[in-house]
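Each remark here refers to the structure printed beneath this line.
The values are calculated or read from the model by the stated rules, or taken from the named source; none is laboratory data. Since we're looking at a predicted model, the values are computed, not measured. In this analysis, Cβ positions are derived from the backbone assuming ideal geometry, glycine residues included, and neighbour counts consider all displayed protein chains.
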Amino acid sequence: MYNPKSPHAEEFINHDEILKTLDLARQAQPKSFYEAILSKAREYKGLSYQDVAYLIHCKDPDIWQDIFSLAREIKHHFYGRRIVMFAPLYLSNYCVNGCVYCPYHLQNKTIPRKKLTLEQVRKETLALMDMGHKRLALEMGEHPVHNTMEYLLDCIKEIYSIKHENGEIRRVNVNVAATTVENYRKLHEAGIGTYILFQETYHKENYEQLHPTGPKHNYAYHTEAMDRAMQGGIDDVGLGVLFGLNTYDYELVGLMMHAEHLEAVFGVGPHTLSVPRICPADDVDPTTFENALSDELFEKIVALLRIAVPYTGIIVSTRESQASRERVLEIGVSQISGASKTSVGGYSEPELDEESSAQFDTSDNRSLDEVVRWLLERGHIPSFCTACYREGRTGDRFMSLVKTGQIGNICQPNALMTLKEYLEDYASPETRALGEELIAQELENIPQKTIQLKARLYIENIHEGQRDFRF
């Protein structure tokens with residue numbers, strides 16, 4: 001039986017319920033039916049998985065025009081023009097799993113296997129700092145000998161310890177294999193931000209076929225990981241599926257069910273949702289791409305997630321091209337990576353193609369400065385802010401601020417101040433000029449005048465050489 005409050009994966013992600021929901025959703029409904037769902041979405045309180053299933057199968061172009069318009073409106077209400085910047089840092093590509101869509105799989109004998117020493121972690125971190133990054137997402141394969149929790153904790157400690165000129169990494173997110181409550185507690189104590197784990201696919205049978213060997217084969221253990229992370233004290237978790245492994249509508253409903261499960265059990269939904277699409281990689285069977293998404297469908301999914309889970313951050317990586325990222329930024333995405341390397345050690349020591357240890361090919365290969373300038377040219381505010389995590393505004397405390405709209409008084413000035421830091425320390429002259437102009441304009445949009453005045457003072461202090469102001 002479907003039960004969103006159940007601790008068991010096959011009950012809160014219920015296969016029969018998904019199939020029943022999709023059977024109903026594929027049946028055409030009168031326009032008024034879809035308009036009623038959108039009317040609910042305009043309350044800014046989200047939609048159910050059933051609502052999303054109906055909308056993704058709607059064929060009416062007028063309804064879709066309304067969906068895209070509402071997605072823009074909701075994104076602006078909760079996030080304004082702010083776009084959070086981050087970069088992945090790959091620690092190791094040793095892995096014992098057999099995931100057929102990932103070149104790290106155990107059977108791949110051609111990919112160079114690498115694992116960073118702590119000295120190499122330092123070099124990678126310094127390279128990222130010198131670009132201007134303040135927020136990282138740590139990645140590594142699953143291996144009981146090479147990639148232990150102790151190794152990961154040592155890497156986190158090393159990263160947080162590094163101060164270089166005006167640079168520092170202020171927030172480390174972690175995207176590693178499902179683990180125990182005890183290990184999640186250790187990650188929480190180490191001061192991580194968000195724990196991220198992609199489900200890949202919510203279809204259990206397909207999941208087991210795609211993960212034929214290794215610990216990841218265990219569907220329930222993987223799917224229930226976020227519950228254990230919450231039990232271990234991690235307030236903020238990030239969900240995601242790899243669109244293209246299964247049918248898009250099944251995954252979309254499964255993702256929504258997982259979000260509703262977290263709300264039902266912990267009172268806090270996902271801090272972020274990631275929407276990667278499968279892309280070319282070394283030693284990956286091309287038949288894995290049978291369910292690959294078109295650009296049009298990808299954009300529809302992003303828009304639906306924005307109106308269905310309005311408070312969540314939506315992440316798009318450099319898997320996507322510049323053109324694709326440009327479109328989805330307008331309709332829902334609030335976090336992007338910049339100047340990403342998906343190889344182990346790729347920031348400090350670029351690899352030749354034939355030596356590549358990369359997990360997947362990137363499509364947007366611009367420098368961080370180019371990405372920041374591109375965002376500024378389109379009126380976005382590139383944000384390097386990490387304030388909420390460092391001020392304890394996580395979990396339900398963060399969500400209450402977002403859902404009530406009060407986050408604008410905090411995020412807007414913090415985004416502008418961290419942008420100012422970037423402009424002073426790392427930006428090219430062209431980017432700096434654009435950024436200074438935008439900051440002058442956006443300061444006027446801070447709702448509370450007392451906060452606006454204080455933000456102006458802090459920005460002047462940043463220009464004089466001080467750093468790390470935050471609300």
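Of the helices (runs of 4 or more DSSP H) contained entirely in the range 189-260, those carrying at least 1 residues that are touching a residue at least 40 places away in the same chain (Cβ under 8 Å) and over 30 Å from GLU158 (Cα atoms) fall at 204-210, 219-223. Within the range 402-423, being crowded, with 18+ Cβ neighbours inside 10 Å and either of a type in the set (A, V, I, L, M) or farther than 19 Å from ILE451 by Cα (or both) holds for VAL402, ILE407, ILE410, ALA415, LEU416, MET417, LEU419, TYR422, LEU423.
Answer yes or no: is there a residue in the range 371-389 that is closer than 21 Å to GLY193 by Cβ and free of Cβ contacts under 8 Å to residues at least 60 places away in the same chain. Yes: the range 371-389 contains one or more residues that are closer than 21 Å to GLY193 by Cβ and free of Cβ contacts under 8 Å to residues at least 60 places away in the same chain. Look at (1) surrounded by 16 or more Cβ atoms within 10 Å (Cβ to Cβ); (2) modelled with pLDDT of 95 or more; (3) among the aliphatic types (A, V, I, L, M) and you find that ALA264 fails only one, number (1). The residues of the range 143-153 that are touching a Ser or Thr at 6+ places or on another chain (Cβ under 9 Å) and either modelled with pLDDT under 95 or not aliphatic (A, V, I, L, M) (or both), listed by number, are HIS143, HIS146, ASN147, TYR151. Against the list (1) assigned to a helix (DSSP H, G or I); (2) modelled with pLDDT of 85 or more, the condition PRO382 fails is (1). The residue that is surrounded by the fewest Cβ atoms within 10 Å (Cβ to Cβ), among those in the range 362-374 that are among the aliphatic types (A, V, I, L, M) and touching a helix residue (DSSP H, G or I) at 6+ places or on another chain (Cβ under 8 Å), is LEU368. The residue list GLU377, GLU430, GLU444, GLU436 contains one member that is acidic (Asp, Glu), surrounded by 14 or more Cβ atoms within 10 Å (Cβ to Cβ) and out of contact with any Asp or Glu (no Cβ under 6 Å at 6 or more places or on another chain), which is GLU436.
Go through the residues of the range 447-454 one by one and say whether even a single one is in contact with a Leu (Cβ under 7 Å, 6 or more places away or on another chain), surrounded by 15 or more Cβ atoms within 10 Å (Cβ to Cβ) and not hydroxyl-bearing (Ser, Thr, Tyr).
Looking through the range 447-454, at least one residue is in contact with a Leu (Cβ under 7 Å, 6 or more places away or on another chain), surrounded by 15 or more Cβ atoms within 10 Å (Cβ to Cβ) and not hydroxyl-bearing (Ser, Thr, Tyr).
Restricted to the range 108-139, and to residues there that are over 16 Å from TYR347 (Cβ atoms) and in contact (Cβ under 8 Å) with a residue 40 or more places away in the chain, the residue that is surrounded by the most Cβ atoms within 10 Å (Cβ to Cβ) is ILE111. Does VAL84 meet the test of being of a type in the set (Val, Ile, Thr) and in contact with a Phe, Trp or Tyr (Cβ under 9 Å, 6 or more places away or on another chain)? For VAL84, the condition - of a type in the set (Val, Ile, Thr) and in contact with a Phe, Trp or Tyr (Cβ under 9 Å, 6 or more places away or on another chain) - is met.
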